[in-house]
1. Residue 636: buried (at least 21 other Cβ atoms within 10 Å of the Cβ), in contact (Cβ under 8 Å) with a residue 40 or more places away in the chain and among the hydrophobic types (A, V, I, L, M, F, W, C), yes or no?
2. When residue 62 is evaluated against the numbered criteria (1) under 45 Å from the mean Cα position of the chain (by Cα); (2) over 29 Å from residue 398 (Cα atoms); (3) at pLDDT below 90, which criterion, by number, is the only one it fails?
3. Only one residue in 344, 311, 334 is over 23 Å from residue 170 (Cα atoms) and not hydroxyl-bearing (Ser, Thr, Tyr). Which one?
4. Among (1) in the same structural domain as residue 777 (by TED's automatic domain parsing); (2) farther than 21 Å from residue 775 by Cα; (3) basic (Lys, Arg), where does residue 670 come up short?
5. Could you list, in sequence order, the residues of segment 596-633 that are among the polar types (S, T, N, Q), more than 23 Å from residue 449 (Cβ to Cβ) and free of Cβ contacts under 8 Å to residues at least 40 places away in the same chain?
6. Within segment 170-184, which residues are farther than 14 Å from residue 239 by Cβ and not basic (Lys, Arg)?
Amino acid sequence: FHRSCSTKPVTLLDVYHEFNKNISGGLKINNFKSRKTEKNYVFDSDVPTHSEYLEVHYSAKSPVIPQEYQSGETYSKIFGLNTNYLEIVLLERKIKGPCWLEVINPEPVNNQVSWCKLEVNCVKVSNLKIFETNTMLPPPPLVVAAINLHTIVGQGKFGVRNEIVMISCLVQNKYSVDKQVPKPQFQQHFCVLARPESMRLPLDIHNALKAYRGTHIQRMDSEKALLNYFIMQFANIDPDLIVGHDMQGYELNLLCSRLRCSNVNSFSKLGRLKRSEFPQKGKFERELFCGRLVCDIKISAKELIRSRSFDLDTLCQKVLKVKEGQRINLEPEDIPRMYQSSNDILKLITITMQDTAYILQILYELNVIPLALQITNIAGNVMSRTLLGGRSERNEFLLLHAFTEKDYLVPDKSYDKKIQDDPEQQGNTKSKRKKPTYSGGLVLDPKVGFYDKLILLMDFNSLYPSIIQEYNVCFTTLTHSEGNTCNFNQDKTKSNGILPTEIRKLVENRRNVKALMKKVDSSSESYMQYNIRQTALKLTANSMYGCLGFSNSRFFAKEIAAFITQKGREILTNTKDAVEKMSFEVIYGDTDSIMINTNCLDYDQVFKIGNKIKQEINKLYRQVELDIDGVFKYLLLLKKKKYAAVTITKSKSGELKLAQEHKGLDIVRRDWSQLSAECGKAILNYILSSDSLEEKFENVQNHLTRVKNDLENNSVPLTLLMITKQLTKNPKEYSEKNSLPHVQVALRYNQKGGKQLQNGDTVHYIICDNGTNAAATQRAYHIEELKNSDTLKVDIKYYLSLQIYPVISRLCAPISGLDEYQIATWLGVDVTNVKKPKEKDDNEDIQYNDAIKYRHCEPFTFICYSCKAQNKVNEPAYNGVYFLEKCSNTKCLIRPTEYVPYISNQLTLSMHRYIKKFYKFEMTCEDPACINDESFVTINVAGKYSLCRTCKESIMYLKYTAQDLHLQLSYFKNLFLTSKGSKKLKNIDLPMQNAYNLLQKTVDKMLNRSGFNKINLEAMFAPFIPSKNVVKEEEDEPIIAGEDVESETDDF
């Protein structure tokens, strides 16, 4: 209790009396202890940094003090209202993760409340302490059980239900987390199956199961009997760790639901706490395996690896290198069909047991448990929470331990935290992904292009943790100067803050562990443990900044996080300036790294340049350290955070090794089809090769043509056509379902029953031609829907124009001479229906012949005055016949030369239509796959461009630019030139020449009124020549932006 500051003096005795009278009396807290204490607090400016407090202890059997008592007459704040008992024990006894504990004076328990073999009571918290010994005791071996289950969808009293018909289990009796993968990987295994309620088992099933030698099989007559048998076997095994795939998202909910529906009273034996009644829904799922660790490899894999999807099939291919198609993936509708015959049931058992073995292998391969153990020991939280993923909670506990040890009170946990401090976010309550309201890392504008000279990549080692140490950034050192500017005390005579001290410990420990790794054999158990330890230290140190900028963290501090990112931007800017002063070109930079064009081809010389830069930068700082990260032989720099490169490294023997590196490209994003990714990788191989430019073009053309032919011949596997998209909330919660293909597929998939797709799951779908004119977003189907349908077929045009074309056009954009028009032609894509991949440069000079220069221009069309036939003009004359010589209608007897003024008026109207099109200011997203079109500028900009409001990543550019308009008008003028190089018209008579000249003057009149047609150099340089009077050239008034072109008065 912090006593309040008021005009009337308040003593701690006054606080005690108020607590005794109002709180303990009102809540019937009969017994409590209190004492005077002095504590520090640095997380709220309204609370003194150092002050006296009344510390109160009372039994956990008494009620929690409600929030209404948060302040009183003699005290201003109560600390620790929301602190749970587990946190109190961990902090008070300094327990950091799983370790050996000593219980002093344990009391035996007669009536046990758990299923444990030994149960004792620890009366006082002080009787619990970490067991200290001279020799380090190894962790005990764990009993691991991997489980997997299958269901059949049926109809119940309350609608669709999922009936569990099969559960498989593999058991490892002695899993040592400090040793190599155990061999064999499991010692026990069994499978229990039940007869579905609405089906009969085959007559020969008994003999078939008896002859099966793959595993021990137990057949039951009902789902309830199956669950009871599984619980009995599970209790006998008594595992410490349960492993499964999608346990948290699906299997736990399913098990709890079926246990409750079947009224299985022995459910509590799945955990280690005795219970006679089912807990409330929601709490049941969390406590089903109470007393045991639960590892969901889907959650663990999301933290440890990068993948397009995290379903079991993808993880087997990614982690275990299982070939595509080797694992049989079963859909919910496949299970009932497999119950039709004994052979299929045995096949189902084999598939189920194989999947369970895959789950266990992935656990071993990713070192999930050893890594989780190390992270928990570092952070000081509990391992069950570490296995659930949240990094923020780990960092919180690390800081909780650090501040508590220094006698600081810590912020209370807020379980219903709302956006209060950030007005900018108050209006955005729908989005769960809140962006920081302060500026983040600096990303330098890239110098887009293809580089074939060696590029030096340099980065700062752990930039944000280094900044925290460099500037002594901490709550304890925070000061405010004039203007409420955030500063930190860097007095060397005083001790460092808690934050930099903790980070320094992590960094130094990792450095020491890496030094130990060099002294042992890479195949030894010691090396494995060292590697796991240094990985855990790295993950923890690099995520420390995150808890400062995460709004739901107890240690959220916007001003501190903003200071760190501001210093990061300052360091990157200063580094760029310093490198450029050394006469090197910086072509790109992102947060903590820069790319430098060395303009040389000597690998050793590049490292000399890097070391020189490194020395110059590092002498400016004490903790911030710039280092050489790599060398690129070739670099294809597309835009911010998007590039592909060929890295070059030298082995110990002096051999140069090449490898490709991709960052942010479409081919590494999972929301593009696998076919697009594979095609993009192939094109990159051609671009990043040492072949000549002509050979690269030829290879690209041949590959795209081959892909087009394969698609048209239906020879592309369906798995390559699947597009993957992650659900950010449950499918039913989306408001715009019709425009989101993955949501539509998820809703249809969930209607079938079985495993439900929900928030965080990835959905696979294929765009199909269903015979309708619906948009592509409404023609998405699951692969099983396509296989089982006779009417659906793959939409080839969609994959060519909106999957392959955008990916390839963006990759080839910086390559000179290889434009989107050629790519679209090779793929057979209609260029008029495909967006341009990037904005044209208004000042670009096109050095092509007329056919290429005007290929996007529309021809001039006029109506015959007599027969009203349409005449299309693509060139001055066709096959020696002037277009003004005769009408396109061969039966028309009137020559166009007889009504040239009429044609001139149509020409003027046509030009006005293009001018009006330009002034509509219609913009489209630069991403060819984005459907967003707008006609106004948004307030979110990137440089001089507006950001797309739909994809929020790409920029918006004009559909019809000033150059497009000028090129169209120039094309019209070109149609009426009777003498131009080799295209000079021969044998033209004077009346025909005059007719062409009249139409040419009509276009010239419009061009002369355009501000883009002429540059008046005399007027441009007039300010620099004061002695000379500039006479404005007499000409028509130029068209300016905002002018109503329809109000112009021309001679029609």
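1. On the way: buried (at least 21 other Cβ atoms within 10 Å of the Cβ): yes; in contact (Cβ under 8 Å) with a residue 40 or more places away in the chain: yes; among the hydrophobic types (A, V, I, L, M, F, W, C): yes.
Considered against the rule, which asks whether it is buried (at least 21 other Cβ atoms within 10 Å of the Cβ), in contact (Cβ under 8 Å) with a residue 40 or more places away in the chain and among the hydrophobic types (A, V, I, L, M, F, W, C), residue 636 comes out as yes.
2. (1)
3. Details: 344 fails: over 23 Å from residue 170 (Cα atoms); 311 fails: over 23 Å from residue 170 (Cα atoms).
One residue alone meets the criteria, 334.
4. For residue 670, the exception is condition (1).
5. The answer is 611, 615, 618.
6. Going residue by residue through segment 170-184, those that are farther than 14 Å from residue 239 by Cβ are 176-184.
Once the filter is applied, which keeps residues that are farther than 14 Å from residue 239 by Cβ and not basic (Lys, Arg), segment 170-184 yields 176, 177, 178, 180, 181, 182, 184.
To keep it simple, each residue is scored yes or no on (1) over 43 Å from the mean Cα position of the chain (by Cα); (2) among the β-branched types (Val, Ile, Thr).
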position: 101; (1), (2): no, no
position: 110; (1), (2): yes, no
position: 120; (1), (2): yes, yes
position: 133; (1), (2): yes, yes
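For every residue, the table says whether it meets (1) crowded, with 19+ Cβ neighbours inside 10 Å; (2) in contact with a Gly (Cβ under 6 Å, 6 or more places away or on another chain); (3) assigned to a helix (DSSP H, G or I); (4) not hydroxyl-bearing (Ser, Thr, Tyr).
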position: 171; (1), (2), (3), (4): yes, no, no, yes
position: 177; (1), (2), (3), (4): yes, no, no, yes
position: 182; (1), (2), (3), (4): no, no, no, yes
position: 192; (1), (2), (3), (4): yes, no, no, yes
position: 197; (1), (2), (3), (4): no, no, no, yes
position: 208; (1), (2), (3), (4): no, no, yes, yes
position: 224; (1), (2), (3), (4): no, no, yes, yes
position: 231; (1), (2), (3), (4): no, no, yes, yes
position: 258; (1), (2), (3), (4): yes, no, yes, yes
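The values are calculated or read from the model by the stated rules, or taken from the named source; none is laboratory data. Not measured: the values here are computed from a predicted model. Note that each Cβ is placed from the backbone with ideal geometry, even for glycine, and that neighbours are counted across all protein chains shown.
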